[in-house]
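Peer 1: Quick one: this structure, given as structure tokens, is what I'll be asking you about.
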Amino acid sequence: MRADLRGHLDGLLLAVLAEQPGHGYQLSQRLTRRSGGDLGVPEGSLYPALHRLERGGLVTSAWDDGDGRHRRVYRLTSAGRRAAERSRREWRAFSAAVDRVMGEPA
Amino acid sequence: MSPLERHLTELSAALHTRGRVRRRFLRECEDHLRTAAAERGEAEAVRAFGPACEIAAAFDAEVAGRRSVWAALLAVAGVLAVGGSTLALIHAASPAATPAIPWAVAFFVAAQLAGVAAALALLQALAMRREQVAPGDVLLLVRRSGVALLAAAAAELSAGGAVAGKGSALLLLAGPALAVAAGVAVLRVRRLARQLAAAGGARPLRPPLEDLGMLAGVHLPAVEPSRLLPLVTALAMAAAFVRDRAEQGTAGQALLHAGVEGVAVVACFIALGPVLGLRRRVAELAT
């Protein structure tokens, strides 16, 4: 199964950034690992989404030479942490409601 | 040329965004693709990255959204500055000067139009800060900002035509100078947004109440602006009547001015409603 979750990309990115800061490739790997490879999000679409989160003040970024390569590392702001928690709560409520409808045969 | 190099070339060619932000984006994408290719091979890295034109379009839309918000905020500051210059101009006028009626009417209409368009642009810009924006919304924000700036300039020009006098050049020109800077920013975003929205389509309708509800975190009823027009017109006419009476105008004069105000509000809504995203064009309603 590969679900198309483009509409939820911002929430997913906030969730993996809540784990720890990272550059774009690390974040895409975390998404793949945590979803078991079931999320059908093109890896390139992460970058417009990361720039959007930065515009909204939920994420900050800076160049980092930590592992010998010059990379842009993203981290959550305090507003981003609150948004990640809110996004998680909203998703749980939504999935529980869908589950109540879809889970039981009529 | 390898698949990875070809993909990067396609991505670069598809991007409309220029400048530092473009270089940063392309550098991030190249680093991502090279890291992925080293682990999974070039073909798989390119496939997983996604189509170059889609990624470029999403990034262009994001940049246009961000720039339109800043341009709108600058435009609102420009409108306020022009308002300040206009007040300085009016206060510098001779107390005995009698304004010509056409200039006075043009001043009041332009000043109110500038205020309304600037308020619409500010609401939309604040609501768009965190949302995924469509090129149509960016163009609408650009139009609202542009109308606000043009109307503010028309208001200062009309005030200058209505009342003669001498004032500080610095005060009179500071507002227009900031407005010109804002106008340049608005025109730059307009060019990018028009490239993105080249496919065309209906102009978006964006009721200000929805933006207000989003900002306040409350659900406001989705009321089309045209349904609010009678209420808004009545309030504007009442305000014009009260202001005139407070300035020792006769009841007849106050009624006349309230009538002019009402006609101006309805005329502006009809003429500029589609431009400001407040109503659809008749041709669009028919389809």
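Peer 1: Grab the beta carbon distance between B:Leu150 and B:Arg20, set R0 = 25 Å, and tell me the FRET efficiency rounded to 0.05.
Peer 2: It comes out at approximately 0.25.
Peer 1: Hey, what do the phi angles of segment B:64-70 turn into as Karplus ³J(HN,Hα) couplings, whole Hz, using 6.51/-1.76/1.60 and θ = phi - 60°, x for Gly and Pro?
Peer 2: Along segment B:64-70, the couplings run 4, x, 5, 5, 5, 5, 5 Hz.
Peer 1: Place a +1 charge on the Cβ of each Lys and Arg in chain A and a -1 charge on the Cβ of each Asp and Glu, then give the dipole magnitude about the Cα centre in debye, rounded to the nearest 20.
Peer 2: 220
Peer 1: Need one value for A:51-59: mean number of C-beta atoms belonging to other chains within 10 Å of its residues' C-beta atoms.
Peer 2: Neighbouring Cβ atoms belonging to other protein chains average 5 per residue here.
Peer 1: Given a Förster distance of 56 angstrom, what is the FRET efficiency for B:Arg34 paired with B:Ala96, based on the Cβ-Cβ distance and rounded to 0.05?
Peer 2: After rounding to 0.05, the efficiency reads 0.15.
Peer 1: Sticking with this one: Given Cβ point charges of +1 (Lys, Arg) and -1 (Asp, Glu) and nothing else, what value in debye, to the nearest 20, does the dipole of the protein assembly as shown about its Cα centre take?
Peer 2: With only Lys, Arg, Asp and Glu charged at Cβ, the dipole is about 340 debye.
Peer 1: Here's something else I'd like to know. List the residues whose amide H sits under 5 Å from the amide H of A:Gly22, counting only those 5 or more places along or on another chain, with H placed 1.01 Å from N in the peptide plane.
Peer 2: Hits under the 5 Å cutoff: A:Tyr74.
Peer 1: Against the empirical 2.2 N^0.38 Å scaling, what ratio does the C-alpha Rg of segment B:238-280 come to?
Peer 2: Scaled against compact globular proteins, the figure is 1.45.
Peer 1: What are the semi-axes of the equivalent ellipsoid of chain B, taken as the square roots of 5 times the eigenvalues of the Cα gyration tensor, listed largest first and rounded to whole Å?
Peer 2: Gyration-tensor ellipsoid for chain B: 47, 22, 14 Å.
Peer 1: What FRET efficiency do you get for B:Leu209 and B:Ala77 if R0 is 25 Å and r is their Cβ-Cβ distance, rounded to the nearest 0.05?
Peer 2: Once rounded, the FRET efficiency stands at 0.55.
Peer 1: Give me the percent relative contact order of segment B:1-77, please, defined on Cα pairs under 8 angstrom at least 6 residues apart.
Peer 2: Relative CO of segment B:1-77 lands at 40 percent.
Peer 1: In whole Å, what three semi-axes, largest first, describe the equivalent ellipsoid of chain A built from its Cα gyration tensor (square root of 5 times each eigenvalue)?
Peer 2: Here the semi-axes work out to 28, 16, 11 Å.
Peer 1: Using C-alpha positions alone, give me the convex hull volume of segment B:205-262 per residue in cubic angstrom.
Peer 2: 93
Peer 1: Pull up all non-local amide H partners of A:Thr77: gap of 5 or more, or a different chain, and H-to-H distance under 5 Å with H placed in the peptide plane.
Peer 2: The list, which skips near neighbours in sequence, is A:Val59, A:Thr60.
Peer 1: Give me the dipole magnitude in Debye, nearest 20, for chain B about the Cα centre, with unit charges on the beta carbon: positive for Lys and Arg, negative for Asp and Glu.
Peer 2: Computed charge dipole of chain B: roughly 380 debye.
Peer 1: For the pair A:Arg100/A:Arg86, report the inter-label distance in nm, with labels modelled 7 Å from Cα in the Cβ direction.
Peer 2: With each label point 7 Å from Cα toward Cβ, the separation is 2.3 nm.
Peer 1: List the relative contact order of segment B:50-195 as a percent without decimals, with contacts defined as Cα pairs under 8 Å and 6+ residues apart.
Peer 2: 46
Peer 1: P(r) of the protein assembly as shown in 10 Å steps, Cα pairs, percent per bin?
Peer 2: Here the calculated profile for the protein assembly as shown is 5, 18, 25, 21, 15, 9, 5, 2, 0.
Peer 1: Turning to a different aspect of this structure: Mind grabbing the interface size between B and A? I mean buried accessible area, both sides, 1.4 Å probe, in Å² to the nearest hundred.
Peer 2: Chains B and A together bury approximately 2500 Å².
Peer 1: Please compute the per residue accessible area over chain B with all protein chains in place, 1.4 Å probe, rounded to a whole number of Å².
Peer 2: With all protein chains present, chain B gives 52 Å² per residue.
Peer 1: Evaluate the relative contact order of chain B (contact order divided by residue number), counting alpha-carbon pairs under 8 angstrom at least 6 apart; express in whole percent.
Peer 2: It comes to 21 percent, rounded to a whole number.
Peer 1: Over chain A, with every protein chain in place, what whole percent of the accessible area is carbon and sulfur at 1.4 Å, could you tell me?
Peer 2: The value for chain A is 51 percent carbon and sulfur by accessible area.
Peer 1: Work out from phi, with θ = phi - 60° and the Karplus expression 6.51 cos²θ - 1.76 cosθ + 1.60, the ³J(HN,Hα) of each residue of segment B:117-128, listed in order in whole Hz, and give x for Gly and Pro.
Peer 2: Values, residue by residue: 5, 5, 5, 4, 5, 5, 4, 5, 4, 5, 5, 7 Hz.
The values are calculated or read from the model by the stated rules, or taken from the named source; none is laboratory data. Everything numeric here is computed off the predicted structure, so don't read it as measured data. Please note: Cβ atoms are built from the backbone with ideal geometry, for glycine as well, and neighbour counts cover all protein chains shown. Protein only, heavy atoms only, side chains kept; ligands, DNA and RNA dropped before computing areas. Shrake-Rupley method; radii C 1.70, N 1.55, O 1.52, S 1.80 Å.
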